[in-house]
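Below: the structure, in structure tokens.
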Amino acid sequence: MKRSRVLVVLHPSLMPPDSLEGQDPKAIEEWRTEFDVIQTLKASGHEVRALGVLDTITELRTTIADWQPDVVFNLLEEFDGIVSYDQHVTAFLEMLRQPYTGCNPRGLLLSRDKALCKQVFAWHRISTPQFQVFRRGQRVSIPRRMRYPLFVKSSTDDASLGIAQASVVTDAAHLKERIEFVLEQHKSDVLVEEYIEGRELYVGMLGNQRVTCFPVWELNFGSMGDSGSAIATRKVKWDAKYRARYGIDSAPARDLPAGADAQLVKLSRRIFHALGLTSYARIDFRMKADGSIYALEANANPHLARNEDFACAAAAAGRDYPALLDSIVKLGLTYPAQWRVVYGT
């Protein structure tokens, strides 16, 4: 593709060095995505600048005006420490008529709010675990008729933030305790949903109006289920030693029931369009032993590190990492934002 002027926006604390040489392996994992994206774009011939954005958009606006990038490569997952504000940055870019990568503001809003996302699923008759929301500022009162076990998590946080073995509860006392913990620690509404025992499956997607689905991916929990609940906790996602201890890995899904691959792809496409997602996304599912499928959530702008599930699934589909990032850049350059439609730019 044509080489572009790319402004990578990221959290200031995740600004990577130019080389991995001499870097602490634990520190590398913190900014691995940012390093992989920046270095790969440079190696592909793009002119790249990186800009840290924390709690002000002044420098972002100035840099865009002065440098005039072809596209902003958006790696932000929050603004001013608030995860639900990430869509406001993309809205700001749209008001500047600045092309950017990743999901549009509306898609970010709908997918970020897990309860709202599930309401959209229900409207479209897409099977999802039964759920209830406990709001901030309200007294926690546990209904008598709750079907345990239940899964407790923040209604807005992602990347398994706050998810641990204690997130799966089996009685009212532990449910109330966990809800109050999440309310206090995460300052967000709490989503309580029925816990679905089964296989955890992911479908990566790439596109705007026309969408490509990557091979179905599976998070294999190894021996983790022998001593606890098989769930994607923070440690499962980000602790390499923990994963090695239990034999946890992710790989193409094997031995799925007949027709399951096609069903998962069909559901993913329906979810992608129902939520108005764009650019790239990952849809998470659980499959019970009887083959029934439940949509858990949609991840707009999933992690893009070279060795993460999304990039690995793309590689399995024949799209290597440089080609994947080039595709994302191209989608950002061609996304039909409303300003393009109205002004024909």
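The values are calculated or read from the model by the stated rules, or taken from the named source; none is laboratory data. Every value quoted in this text rests on a predicted model; they were computed, and no experiment measured them. Ideal geometry is used to build each Cβ from the backbone, glycine not excepted, and the neighbour counts take in all protein chains shown. Calculation scope for accessible area: heavy atoms of the full protein, side chains included, ligands and nucleic acids excluded. Shrake-Rupley method; radii C 1.70, N 1.55, O 1.52, S 1.80 Å.
For region 211-239, name all the residues that are open to solvent by 50 Å² or more (accessible area, probe 1.4 Å) and either over 18 Å from I163 (Cα atoms) or in contact (Cβ under 8 Å) with a residue 40 or more places away in the chain (or both). Residues satisfying the conditions are T212, G222, D226, R234, K235, K237, W238. Quick check on region 234-250: of everything there that is among the basic types (K, R) and out of contact with any helix residue (DSSP H, G or I) (no Cβ under 7 Å at 6 or more places or on another chain), which residue is modelled with the highest pLDDT? For region 234-250, the residue satisfying everything is R245. Filtering region 271-302 to residues that are touching a strand residue (DSSP E or B) at 6+ places or on another chain (Cβ under 9 Å) and either without any contact (Cβ under 8 Å) to a residue 12 or more places away in the chain or open to solvent by 40 Å² or more (accessible area, probe 1.4 Å) (or both) leaves H273, K288, A289, Y294. Considering the conditions (1) more than 24 Å from T90 (Cβ to Cβ); (2) at pLDDT below 95; (3) in a helix (DSSP H, G or I); (4) open to solvent by 60 Å² or more (accessible area, probe 1.4 Å), V342 is excluded by exactly one of them, (1).
Looking across region 157-183, the residues that are farther than 21 Å from K235 by Cβ and either outside any loop (DSSP other than H, G, I, E, B) or at pLDDT below 90 (or both) come down to A172, A173, L175, K176, I179, E180, L183. Taken over region 316-339, the residue count meeting the criterion of being assigned to a helix (DSSP H, G or I) and either under 21 Å from K266 (Cα atoms) or basic (K, R) (or both) is 2.
The lone criterion from (1) surrounded by fewer than 19 Cβ atoms within 10 Å (Cβ to Cβ); (2) in contact (Cβ under 8 Å) with a residue 12 or more places away in the chain; (3) acidic (D, E) left unmet by D320 is number (2).
Against the test of being over 27 Å from H273 (Cα atoms) and open to solvent by 50 Å² or more (accessible area, probe 1.4 Å), the options A164, A173, A258 yield a single qualifying residue, A173. Quick one: is V265 hydrophobic (A, V, I, L, M, F, W, C), closer than 23 Å to K153 by Cα and either open to solvent by less than 40 Å² (accessible area, probe 1.4 Å) or touching a strand residue (DSSP E or B) at 6+ places or on another chain (Cβ under 9 Å) (or both)? For V265, the condition - hydrophobic (A, V, I, L, M, F, W, C), closer than 23 Å to K153 by Cα and either open to solvent by less than 40 Å² (accessible area, probe 1.4 Å) or touching a strand residue (DSSP E or B) at 6+ places or on another chain (Cβ under 9 Å) (or both) - is not met.
The set of residues in region 173-221 that are closer than 30 Å to A323 by Cβ and of a type in the set (F, W, Y) comprises Y202, F214, W217.
Scanning region 117-161 for residues that are open to solvent by 40 Å² or more (accessible area, probe 1.4 Å) and at positive phi yields R125, G137. Restricted to region 9-29, and to residues there that are charged (D, E, K, R) and surrounded by fewer than 13 Cβ atoms within 10 Å (Cβ to Cβ), the residue that is nearest to the chain's Cα centre (by Cα) is K26. Look at region 193-210: where a residue is under 18 Å from N299 (Cα atoms) and of a type in the set (G, A, S) and a partner is open to solvent by 30 Å² or more (accessible area, probe 1.4 Å) and part of a strand (DSSP E or B), sitting 6+ places away or on another chain with Cβ atoms under 6 Å, you get G204/R282.
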